[in-house]
1. Going by the conditions given, is residue A:103 over 21 Å from the mean Cα position of the chain (by Cα) and either over 17 Å from residue B:4 (Cα atoms) or of a type in the set (S, T, N, Q) (or both)?
2. Return yes when residue A:168 is more than 30 Å from residue A:72 (Cα to Cα) and surrounded by 12 or more Cβ atoms within 10 Å (Cβ to Cβ) and no when it is not.
3. Which ones in the stretch B:140-152 are within 19 Å of residue B:61 (Cβ to Cβ) and either among the aliphatic types (A, V, I, L, M) or modelled with pLDDT of 95 or more (or both)?
4. With respect to residue A:76, is the statement that it is open to solvent by 20 Å² or more (accessible area, probe 1.4 Å), of a type in the set (Gly, Ala, Ser) and outside any strand (DSSP E or B) true?
5. In the stretch B:143-173, how many residues are in a loop (DSSP other than H, G, I, E, B), among the small types (Gly, Ala, Ser) and more than 17 Å from residue B:132 (Cα to Cα)?
6. Test each condition in (1) under 29 Å from residue B:69 (Cβ atoms); (2) exposed (fewer than 11 other Cβ atoms within 10 Å of the Cβ); (3) small (Gly, Ala, Ser) for residue B:179 and report the one that comes out false.
7. Please work out which residue is most open to solvent (accessible area, probe 1.4 Å), limiting yourself to the stretch B:182-200 and to residues that are of a type in the set (A, V, I, L, M, F, W, C) and out of contact with any Gly (no Cβ under 8 Å at 6 or more places or on another chain).
8. Here's a check for you: in the stretch B:9-48, which residue that is within 22 Å of the chain's Cα centre (by Cα) and facing another protein chain (nearest Cβ under 9 Å) is nearest to residue B:87 (Cα to Cα)?
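The values are calculated or read from the model by the stated rules, or taken from the named source; none is laboratory data. Model, not experiment: these values are computed from the prediction. Every residue, glycine as well, gets a Cβ built from its backbone with ideal geometry; the counts of neighbours run over all protein chains shown. Heavy atoms of the whole protein, side chains included, go into the accessibility calculation; ligands, DNA and RNA do not. Shrake-Rupley method; radii C 1.70, N 1.55, O 1.52, S 1.80 Å.
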Number of protein chains: 2
Amino acid sequence: MAEFPAPIAKLIEEFGRLPGIGPKSAQRLAFHVVSMSDDDVKKLIEALLHSKRDLVFCESCCCVTDHSPCFVCGDAERDHTMICVVQDTRDMLALERMKSYRGLYHVLGGAISPMDGIGPDELRLTELLHRLADDAIKEMILATNSTVEGEATASYIARLAHHFENLAVTRIAHGLPIGGDLEYADEATLARALEFRRPI
Amino acid sequence: MAEFPAPIAKLIEEFGRLPGIGPKSAQRLAFHVVSMSDDDVKKLIEALLHSKRDLVFCESCCCVTDHSPCFVCGDAERDHTMICVVQDTRDMLALERMKSYRGLYHVLGGAISPMDGIGPDELRLTELLHRLADDAIKEMILATNSTVEGEATASYIARLAHHFENLAVTRIAHGLPIGGDLEYADEATLARALEFRRPI
């Protein structure tokens, strides 16, 4: 009988399905919900409903947006000859916060990860190839994460794009982060930083 | 313009209010919700609604339960002369999983923590004192956490209960965890383990 009451067990299960929420966090969240005011729970539920109802994927770059085309694709002043390929809408927004890139994006919706059952078909590659077929695109910057999955995805896309003759395919630079101490950098980063050293 | 679309910003804000969810986790959760199927979001919302609607606090021990009195308080075969005071329903369920304690519980709903604005009035102390006033109660075991807040709460309750003459007030034991290596124990635990050593 020392089990969780059914409604809370169900809520723990649902929270546990979310990414980065382990069994203990799910329990803590579920019990927190029980102690929240009805009003606060209503706000959370409304935010969940709204985000499902009011958000769409941009018809062009596939980012999560409240109107399609998104604020980048719909901006005639952006450089429509460059596409920066990222895994996630958050990556795109991180690059946008930098305020210096003026090209377009393409959001893949993940990275190839056989362990998680994500193959090329789960990513928005057909849409990407369709956009690349447009002669206006001159450069594709592969800005997937520097993880095994991100690197594999970048290589895969580079191979796919091989036959677009007038398209330059580039990868964002890897090396020491700015402001970082050399002695604290991990070996893989240091190895990259040395390998891709450049003349000054 | 590199901000999150309004519906997702709202959802990030709501997730960020939950305990243990920082800004980055809130973003990850919010974007995950957008990529979830409508059906899965519906399940999460229903679990939230049900847990608010179908759970109550036990009229006697104040634990979270689906029916009041809870399965402990409503069980005539339990030892109704002992009350084990815990901070949270999860603590009570952890003790229940042990299957050896046969007494009752009292769930405070937290611990005294001036930093978080939780004073004695925010805890279910009036209910506890009301129960202690019943002559049937012979022992109160203080099983609040071994944190600064938990210890302060235990001391506070012990002082409050001082005038109940026939009530034994005890605190759960502290020392080395079973199966734990002495060399890995922290200093505070070691100090307690030495201080409360007992003859064998």
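1. Numbers: over 21 Å from the mean Cα position of the chain (by Cα): no; either over 17 Å from residue B:4 (Cα atoms) or of a type in the set (S, T, N, Q) (or both): yes.
The answer is no for residue A:103.
2. Working: more than 30 Å from residue A:72 (Cα to Cα): no; surrounded by 12 or more Cβ atoms within 10 Å (Cβ to Cβ): yes.
Spelling it out, it is not the case that residue A:168 is more than 30 Å from residue A:72 (Cα to Cα) and surrounded by 12 or more Cβ atoms within 10 Å (Cβ to Cβ).
3. Let us first name the residues in the stretch B:140-152 that are within 19 Å of residue B:61 (Cβ to Cβ), namely B:140-145, B:150.
Passing the criteria: B:140, B:141, B:142, B:143.
4. Working: open to solvent by 20 Å² or more (accessible area, probe 1.4 Å): yes; of a type in the set (Gly, Ala, Ser): yes; outside any strand (DSSP E or B): yes.
Spelling it out, residue A:76 is indeed open to solvent by 20 Å² or more (accessible area, probe 1.4 Å), of a type in the set (Gly, Ala, Ser) and outside any strand (DSSP E or B).
5. Looking only at that region, the number is 2.
6. Of the numbered conditions (1) under 29 Å from residue B:69 (Cβ atoms); (2) exposed (fewer than 11 other Cβ atoms within 10 Å of the Cβ); (3) small (Gly, Ala, Ser), the odd one out for residue B:179 is (1).
7. Narrowing the stretch B:182-200 to residues of a type in the set (A, V, I, L, M, F, W, C): B:182, B:185, B:188, B:190-191, B:193-194, B:196, B:200.
Now drop any that are not out of contact with any Gly (no Cβ under 8 Å at 6 or more places or on another chain), which leaves B:182, B:185, B:188, B:190-191, B:194, B:200.
Numbers: B:182: 107, B:185: 25, B:188: 67, B:190: 54, B:191: 56, B:194: 118, B:200: 201 Å².
Taking the candidates together, the pick is B:200.
8. Top of the filtered list is B:19.
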